[in-house]
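Reading through the C-alpha cells given below for one structure.
The values are calculated or read from the model by the stated rules, or taken from the named source; none is laboratory data. Just so you know, these numbers come straight off a predicted model, no measurement behind them. For neighbour counting, all protein chains shown are included, and Cβ atoms are generated from backbone atoms with ideal geometry for every residue, glycine included. Note: accessible area is taken over every heavy atom of the protein model, side chains too, but ligands, DNA and RNA are not part of it. Shrake-Rupley method; radii C 1.70, N 1.55, O 1.52, S 1.80 Å.
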Amino acid sequence: MANVAAAPTAGANGSQAKNATNTKNFGASFAPGFTINVNAGNKTNTGAPASNRGGGGAGSSQSLLPPPEFGSPAQVRNYCNTLRAAGVTLSIEVAMAAEILNGVLAAVPDPEGRLGGSRARARKVTRKMQKSADALRDAAKNAAACYSTFQQQYEEEINRVRHRARKPQQPVINWAQQ
C-alpha cells in the first residue's frame with residue numbers, strides 16, 4: 001500500500017480535512033455532512049432514561065412472559081399462548097445449541113486416544129443440554145394443555161358470559177330517514 005501522510009485535523013463532524021494525499025490514494029472517502037450521536041441509546045421514545053423502563057439497569061430483569069394477571073379468560077389464554085410460544089422457540093434454540101456443542105466437542109481429541117472417545121465425551125456433556133431442550137418442549141405442551149383444561153373446567157362460566165355478550169342484534173329501522 002502507498003505511504004499515506006497523517007490527516008491534518010479532524011473536523012467537528014468526524015470528517016477529515018481533505019488534502020492531496022487523501023484524495024489521490026483513496027478516492028472517495030466516507031465523510032458524512034452531519035453529526036452522528038452514538039450515545040443516544042440511553043433514552044426510549046418517550047425520553048425516559050433506560051434504567052427506568054424495566055428492561056435495563058441494575059436489579060431489573062426482562063421477562064419473556066406477560067405479567068401473571070388472570071382477570072379474564074382472554075388473559076389466561078394470552079399467558080398460556082405466550083408461554084407455549086416461548087417454550088417452543090427456546091426448545092428449538094437449545095436443541096440446536098446442543099447439536100452445535102456436540103459437534104464442537106466431538107472434534108476435541110480424546111486425551112487417552114480411545115477410538116470414539118471424543119464423541120462419547122461430547123454426548124455425555126450435551127445430553128444435559130438436550131434434556132433442557134426436552135423440558136422446554138414439555139413446558140410448551142403443558143402450557144397449551146393448561147388452557148385446554150381451563151376451558152374444560154370452566155366451560156359453564158365461559159359460555160354463560162359468552163352467550164350474554166353475543167346476543168344477536170335486531171336490525172334497527174330509522175323511520176326518520178326517507
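Quick notes
- Computed magnitude of the charge dipole of region 59-135 (debye, nearest 20; Cβ of K, R +1, Cβ of D, E -1): 300 debye
- With the simple model of a label 7 Å out from the Cα in the direction of the Cβ, residue 74 to residue 115 spans 6.6 nm.
- Residue 118 - accessible surface, heavy atoms, 1.4 Å probe, Å² rounded to 10: 20 Å²
- In straight-distance terms, cross-link reach from residue 124 covers every one of the aspartates and glutamates whose alpha-carbon lies under 19 Å from its own, apart from those fewer than eight places away in the same chain; here that gives 99, 110, 112, 134.
- Lys, Arg +1 and Asp, Glu -1 on Cβ, resulting dipole of region 87-178 about Cα centre, debye, nearest 20: 80 debye
- Globularity ratio of region 90-174, using Cα Rg and 2.2 N^0.38 Å: 2.19
- Reachable aspartates and glutamates from residue 141, criterion Cα separation under 19 angstrom, eight or more residues apart if same chain: 93
- Sorting the segments 124-130, 172-178 by their mean number of nearby beta carbons within 10 angstrom, highest to lowest, gives 124-130, 172-178.
- Counted residue by residue at 0.36 nm each, then reduced by the alpha carbon distance between them, the extension gain from residue 145 to residue 172 reaches 5.4 nm.
- Within the assembled protein chains, the solvent-accessible surface assigned to residue 65 is about 50 Å², based on a 1.4 Å probe.
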